[in-house]
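Notes follow the structure.
The values are calculated or read from the model by the stated rules, or taken from the named source; none is laboratory data. This is a predicted model, so every value here is computed, not measured. With ideal geometry, Cβ positions are generated from the backbone for all residues, glycine too; neighbour counts draw on all protein chains shown. For accessibility, only protein heavy atoms count, side chains too; no ligands or nucleic acids. Shrake-Rupley method; radii C 1.70, N 1.55, O 1.52, S 1.80 Å.
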Amino acid sequence: MRSRQRMFAAVMRLLLKCLRLGRRRRFKLVRQVEQLWHYGHLCLRSLLYNSFTNGDVVLDSLFEPVYWLVDHVTRWFGVAFVALVIGLTSSIVAIVYICLLPLILQTYTPAWICWHLAYGHWNLIMIVFHYYMAITTSPGHPPQAKNDLTGISICRKCIAPKPARTHHCSICNRCVLKMDHHCPWLNNCVGHYNHRYFFSFCLFMTMGCIYCSISGWEMFRDAYAAIERMKLLEKERLQVVANQTYYQTPPPTFSFRQRAFHKSVVYLWVLCSSVALALGALTLWHAALITRGETSIERHINRKERQRLQKKGKVSTAHSTGAGRSRARCDEPLPILQVFRNPYSYGSWDNWKVFLGVDVPRHWITRVLLPSPHLPHGTGLSWDLPPYVMEQRAPLLAI
């Protein structure tokens, strides 16, 4: 009996020892996994840590493959986009000359005929001139050699001097003076020397599309109604042909010339109205940038810099130094804060004069209302005050 109890106790001790050993091994394995997890997490954080990282940086990193794809697609399809602009514009001009001009000469009064001929041809000349100049004019590139410009930086991609307002175009693979953006419809960058041509083309193309849409509204309504009648008569003709007897004849159909005329008018109005809406919005956007003396890139940079300085308390969040003062503390002195301004802005009116190159009053006619290949103010390497800007604005605080 005692031998059995001893044997049972020995077996139980052996079993408990095995369970204890397995539990120790299991706990040791769990501890090793936790240590490896914490070590890997620490290594990952140490490799990816950056005090300047925020949501925008993460989004830019995630969209980097998309940017690369867009850059390469835009580079190869620029010629196709230019051909598309030329083809669509030529088709509108052909429809106006072949279909609408004879109708205008037959039905309109002499005064209206003179107005349409004068305005239409002037607008067409301005569109063709500015588009050609925007395509063929180089936006301007900084010299590769070192120079004596103050405050100059080095482009990280070109490894060359980079003057103020100069940015690197990943599509052209070059730095561009006063770069605004790379336009695929021009197959060219919009920069210092062709920015005026680009905006003028957008403006006059929008004006031309609005002119065609307004003047062709009645023709569009008549043409659309005629096309609907064509469809109805074609349906009736097919029904009559299916049930035709000896005494029945199908209704008359429209000729090919009539069909082409009505469809061309509808095509002209729809295309011009669509372009007027899309290009008009783009023109207004660039007009607002020109009024502030900024480019598309500089607007983004200035906005980020303004937010950064506001967080540090170096600039005020409102346009007046007294804004944001509570009534309870209106008598307490507030720290004098500067208002963030664009350093290249001379005021709304002077910004337009500098952009358009208007030195004297007659230039509004010779350089704005008529085709003019004059150069913009400055070389794009330095930004001195133009001689026709009377006074410098308040002290500026910007990058």
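Write out, first by first residue and then by second, each pair whose Cβ atoms fall under 9 Å of each other, whose residues are 6+ apart or on separate chains, and whose first residue, in region 83-97, is farther than 16 Å from Val275 by Cα while the second is of a type outside the set (A, V, I, L, M) and open to solvent by 60 Å² or more (accessible area, probe 1.4 Å).
Ile95/Tyr267
Going by what's in this entry, would Thr109 be described as at pLDDT 90 or above and β-branched (Val, Ile, Thr)?
yes
Of the residues that make up region 281-289, is at least one modelled with pLDDT under 85 and surrounded by fewer than 14 Cβ atoms within 10 Å (Cβ to Cβ)?
For region 281-289, residues modelled with pLDDT under 85 and surrounded by fewer than 14 Cβ atoms within 10 Å (Cβ to Cβ): absent.
Kindly establish whether Arg196 is in contact with a helix residue (DSSP H, G or I) (Cβ under 7 Å, 6 or more places away or on another chain) and either farther than 21 Å from Ile301 by Cα or among the basic types (Lys, Arg) (or both).
yes
Got a sec? Which strands (runs of 3 or more DSSP E) wholly within region 74-183 have at least 2 residues that are within 25 Å of Glu218 (Cα to Cα), open to solvent by less than 30 Å² (accessible area, probe 1.4 Å) and in contact with a Cys (Cβ under 6 Å, 6 or more places away or on another chain)?
Here the list is empty.
In region 295-305, how many residues are more than 12 Å from the chain's Cα centre (by Cα) and open to solvent by less than 20 Å² (accessible area, probe 1.4 Å)?
Summing the residues that are more than 12 Å from the chain's Cα centre (by Cα) and open to solvent by less than 20 Å² (accessible area, probe 1.4 Å) in region 295-305 gives 2.
From Leu59, Leu100, Leu44, Leu69, grab the single residue that is closer than 30 Å to Arg257 by Cα and either modelled with pLDDT of 75 or more or out of contact with any Ser or Thr (no Cβ under 8 Å at 6 or more places or on another chain) (or both).
Leu100
Considering only region 175-197, how many residues are over 9 Å from Pro139 (Cβ atoms) and more than 13 Å from the chain's Cα centre (by Cα)?
Looking only at that region, the number is 5.
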